[in-house]
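Nothing in this text is a laboratory measurement; each read-out follows from the coordinates by a stated rule. Here the structure is a predicted model, which is why all the values come from computation and not from measurement. We place every Cβ from the backbone using ideal geometry, glycine too, and count neighbours over all the protein chains shown.
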């Protein structure tokens with residue numbers, strides 16, 4: 001009897017046992033399992049200790065994953081939640097020195113904030129994902145994010161060779177604003193008088209990095225277009241950013257352009273000086289320089305400027321206002337001081353240049 005019972009039990013076990021599923025090694029098949037379960041019950045596919053893992057949000061989904069041969073890991077946040085948080089962040093894309101991504105194995109969205117991000121932009125980022133709790137991890141990091149290519153920003157020194165009386169000289173000016181056309185092609189605005197004597201092949205002053213040629217410029221005695229130039233970026237190793245670089249290494253993102261208003265507080269940055277404490281004195285100025293050149297419809301500001309700052313940006317917060325043309329006492333020291341009551345400077349209005357040339361800030 002015992003033998004018979006034992007035989008029956010052995011037979012039953014043999015017929016009901018199932019072999020373990022073959023371990024899943026194909027990421028495409030693991031992703032297919034995740035798609036079948038849907039983005040509200042899964043949270044991505046990744047490797048852990050050499051095995052494919054499918055993150056899931058409930059035990060029933062975990063059993064489905066295991067039966068397919070993959071490792072299941074139950075997590076609190078689904079793909080739908082993580083994607084939603086990143087979509088909110090992507091609406092803020094364009095803030096320099098930031099990066100964010102979905103960390104599937106960590107089951108969170110990682111936000112990295114590097115040096116140079118303003119308090120206002122930090123608040124914008126935090127507010128955008130405030131409802132996601134620890135599904136979003138915001139961390140601070142040192143340094144700035146740089147392309148491996150050569151960076152180019154407004155306020156940076158630029159140079160070009162020219163020939164005078166058989167001798168080759170180097171002219172130094174300042175990059176104004178980086179702009180683009182409707183196709184995304186990048187250009188730089190600077191002063192038109194910087195192109196005098198054939199100085200049209202421009203390079204970045206620091207490192208002597210080639211930028212590209214001037215393709216259009218004006219320098220006085222014209223009814224509307226007074227003093228601006230457009231340089232086309234042709235060096236693919238250069239990355240033009242839509243920011244202005246201060247002397248301390250921080251940056252101002254430029255987001256729009258507009259006409260200036262009297263008494264508007266403004267900043268100016270150049271190759272050899274910056275004056276971040278100034279205001280607009282007039283907005284439709286006709287000025288004749290000592291050279292006899294007359295410029296029309298210019299902006300006059302209280303900021304000081306020196307030789308070599310020509311072409312640099314005049315701006316208010318993130319708004320582009322003007323391109324530096326000149327000023328008085330350009331051979332005298334210049335710094336951030338509202339006590340320089342005897343100093344004035346003149347600028348080509350940016351919004352007009354953008355309209356004439358079919359360009360825009362970014």
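Springs between Cα atoms under 10 Å define the GNM used for the chain, and in it the highest mean-square fluctuation of 222, 303, 178 occurs at 222.
Note on the stretch 131-257: Cα-only Rg and Dmax are 17.7, 69 Å. In degrees, nearest 10, range 0 to 90: what is the angle between the Cα axis of helix 119-128 and the longest Cα principal axis of the chain? Tilt relative to the chain: about 30 degrees. How big is D, in µm² s⁻¹, for the chain by Stokes-Einstein at 10 °C and 1.306 mPa s if Rh is the Kirkwood radius over C-alpha pairs? D, rounded to a whole number, is 65 µm²/s. In the chain, the longest principal axis of the Cα atoms and the axis of helix 79-90 are about 0 degrees apart.
Expressed as a fraction of 2.2 N^0.38 Å, the C-alpha radius of gyration for the stretch 212-362 is 0.99.
Can you give the calculated 222 nm mean residue ellipticity of the chain, where each DSSP H run of n ≥ 4 adds -39,500 (n - 2.57) and the sum is split over every residue, rounded to the nearest 500 deg cm²/dmol? If you can, show how the numbers build up before the last one.
Details: 6 runs with 65 residues, N = 362.
That comes out to -5500 deg cm²/dmol.
Pairwise over distinct Cα atoms, reciprocal of the mean inverse distance: report the Kirkwood radius of the stretch 116-160 in Å, one decimal place.
By the Kirkwood definition, the hydrodynamic radius is 13.9 Å.
I want to verify the translational diffusion coefficient of the stretch 79-140 in µm²/s; compute it with Stokes-Einstein, Rh as the Kirkwood radius over Cα pairs, at 20 °C and 1.002 mPa s. Write down the numbers at each step before the final one.
Details: Rh = 11.6 Å.
The calculation lands on 185 µm²/s.
Arranged from fewest to most other beta-carbon atoms within 10 Å of their beta carbon, 113, 145 become 145, 113.
Between 300, 140, 251, the residue with the greatest mean-square fluctuation in the GNM of the chain (Cα pairs under 10 Å linked by springs) is 140.
What percent does the relative contact order of the chain come to when contacts are Cα pairs within less than 8 Å and at least six residues apart?
Details: 861 pairs, mean separation 42.4, N = 362.
Relative contact order of the chain: 12 percent.
Packing here is the average count of other Cβ atoms within 10 Å per residue, and on that basis the peptides 254-266, 319-331, 151-163, highest first, run 319-331, 151-163, 254-266.
Quote the Stokes-Einstein diffusion coefficient, in whole µm² s⁻¹, for the stretch 89-179, based on the Kirkwood radius over alpha carbon pairs, a temperature of 37 °C and a viscosity of 0.692 mPa s. Before the final figure, lay out each step's value.
Values: Rh = 16.4 Å.
The calculation lands on 200 µm²/s.
Can you give me the angle between helix 27-37 and the longest principal axis of the chain, using Cα atoms only, in degrees from 0 to 90, rounded to the nearest 10? Once rounded, the angle reads 80 degrees. Across the stretch 28-75, the convex hull enclosing all Cα atoms gives 60 Å³ per residue.
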